[in-house]
1. Based on this model, can you work out whether residue 232 counts as on the phi < 0 side of the Ramachandran plot, of a type in the set (Gly, Ala, Ser) and modelled with pLDDT of 85 or more?
2. Just a yes or no: is a residue in the stretch 268-289 assigned to a loop (DSSP other than H, G, I, E, B) and either modelled with pLDDT under 90 or within 30 Å of residue 427 (Cβ to Cβ) (or both)?
3. If you take the residues of the stretch 76-100 that are small (Gly, Ala, Ser) and open to solvent by 30 Å² or more (accessible area, probe 1.4 Å), which of them is farthest from residue 578 (Cα to Cα)?
4. If residue 85 satisfies every condition in (1) modelled with pLDDT under 90; (2) in contact with a strand residue (DSSP E or B) (Cβ under 8 Å, 6 or more places away or on another chain) but one, which is the exception?
5. Just need a number here: residues in the stretch 174-219 that are small (Gly, Ala, Ser) and not in a helix (DSSP H, G or I).
6. Can you confirm whether the stretch 378-387 contains a residue that is more than 16 Å from residue 292 (Cα to Cα) and open to solvent by 60 Å² or more (accessible area, probe 1.4 Å)?
7. Out of the helices (runs of 4 or more DSSP H) lying entirely within the stretch 433-533, which hold 1 or more residues that are out of contact with any helix residue (DSSP H, G or I) (no Cβ under 6 Å at 6 or more places or on another chain), at positive phi and modelled with pLDDT of 80 or more?
Amino acid sequence: MKKIIAGITGSVVVAAAILFLLLGRGGNGEIDEEQSTLSAATKISVEADAVVLPLQNAELSSQRDGIVAEILAAENDLVQKGHVIVWLERDNEIATVTRAKTRLAATKAALAGLMAVHDKARSDDAENRAVQLASAKIALRDAQEQLKHVSGENLSIGAVVTPKGAALEAARAMLMADAESSVKKAQEALLAALGQAATDDIPATPESTANKAARDMALSASRVAVLEAKEALEEAQDVGEILRDASDALASRQRDLINSKTDLDAARLERDLNLRVAQEAFDDAEEALQDTYKGWLGVELTVEEWRLDPDSLFADWGLDLEFVFDRQNLTYTNRIAPDDPSTRWSELTVYAWLFLHPNAGSFDAVCDDKLSQASSRTCIKRDIEDTWDLFQDARDILNTEAVEGPARVAAAQNAIVKAEQALQDAEDDLERLTSERTALDVSIAQAELSAAQAELDDLVQFPDPIEVAAREAALEAAQATLDDLLDWPDPLKVALAGGELERAGLIVQRLQKDRDPADVAREKAELAEAEALVATAESDLVLAKLALDDMAIKAPFAGSVASIEVDLGEEVSTETVVVRLADNTAWRLESDDLD
């Protein structure tokens, strides 16, 4: 800082006592003994030209380059130490502090939430461990009983069988009985499929013998039924089939008419809905486009201007966005840009965006997309063009629905007319055929013949290879199940039961120990990471506050403002003297007129 050179120049009379202190020292700066005996009552006067200066003065500059935003004191104002005299523009620094505070609050909340989650996890683990341990011990006892069961230990002489083991053995006995019964049933089914009472491997039984006799009788009866059905069909007329086709056609035409009416209702609903939705979307797009031009340029579009795209409209207006939204190109009167009536846009609106809006400076008239995305800047031209594109799309959809909706309804109405004519034709055909002869007898005879022939075919085409194969497979499966039960104990099942017992024992051992070290380590790592984020956020907040403090020019001591050397809006650097400050509570004299 440079010292302020300011004071009062005049003739000063110095008392002898003061001169004694100033002049009565020896060459080495010590007071002579002889001089010290000078009577206090003895005084001399000396006149000399001197300057009265403040004891402290300072020339204050800023810590950073910037633009003067606020001047909080005037010349001759008294200020205290630390009082802010001048603020530079600090919107970015304030925003940075706000973001840093938000991040700090978020990281602290995340840390608290994580700690709560960990506390809850530890509490739940403690509460559930006893229940899980009890369940694991039960599973261990069950695994022990299962191993005794599959190994045959329960069936050994002198074995001590628990209620659980007895239940397992009883269940095995029931399975054995069921398996033997299943084998017998599968054998009977195979004999029936073969049409035999016995085979080389399966002896005859009363049931299989009766089944074979019943099949032979059924074959004879089926042949007689086919002959009788053919005779009944010969008595019927071919008109029956024609009558049935006509009835089917009538039913089909009736369904077509119902469907056509349903399609008409749907077409009308779709037309009304699509048109309403398209109209609402168009109104919203129109309002958004009007708002966009009004917001950026203060312009309300006329009916003719709605039809023009932004480039054509700007050309008609003679508007160059980059030129208009350049601070250097706005004219000012009393620091406000007056509205030019010869232009289609409002200079006041442009001025508000450039100088009064909180985010002034965060948008461009025409943007480089890559640079704008990287700096999160708003592009005026792209915003207007995007809104225009949405308006065009909404208008095209509305025009399309206005044409296609009525066309779909007309097509559905034509379909109803065609369906009604087809239904009338089908009714006429059915009435003509019905008046000639009924087809009821023909239908009954045909159904009886089909059923009789199908039954005969099933009996003649015997045995059915597919059914025989299925019965053989069922018998093999039932025999395999029985053999599996008879093959006791099974080494594989014993090994599996042993493995299950070992696994159950390991689970019991794990539950009897403390928490999983991996869980504890994971929780510590998560907490350390969260605490590191909090520390980083706190550091960022401190740095942001320091950067904000650099935008203030403060009084280094209490004193009086000698002068303000800058104006609002002036750009200053760290070398610029902004304020001159003096401490007028104590003074000093400077003179070069004393010998």
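The values are calculated or read from the model by the stated rules, or taken from the named source; none is laboratory data. Worth saying up front: this structure is predicted, and the values here are computed from it rather than measured. Cβ placement follows ideal geometry from the backbone for every residue including glycine, while neighbour counts extend to all protein chains displayed. The accessibility values were calculated without ligands, DNA or RNA, using every heavy atom of the protein model including side chains. Shrake-Rupley method; radii C 1.70, N 1.55, O 1.52, S 1.80 Å.
1. Here the answer is no, as residue 232 does not meet what is asked.
2. Among the residues of the stretch 268-289, not one is assigned to a loop (DSSP other than H, G, I, E, B) and either modelled with pLDDT under 90 or within 30 Å of residue 427 (Cβ to Cβ) (or both), which makes the answer no.
3. 95
4. All conditions pass for residue 85, except number (1).
5. Of the residues in the stretch 174-219, 4 are small (Gly, Ala, Ser) and not in a helix (DSSP H, G or I).
6. no
7. Passing ranges: none, list empty.
Residue-wise test of (1) open to solvent by 50 Å² or more (accessible area, probe 1.4 Å); (2) more than 44 Å from the chain's Cα centre (by Cα); (3) aromatic (Phe, Trp, Tyr).
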residue: 500; (1), (2), (3): yes, no, no
residue: 511; (1), (2), (3): no, no, no
residue: 526; (1), (2), (3): yes, no, no
residue: 545; (1), (2), (3): yes, no, no
residue: 559; (1), (2), (3): no, yes, no
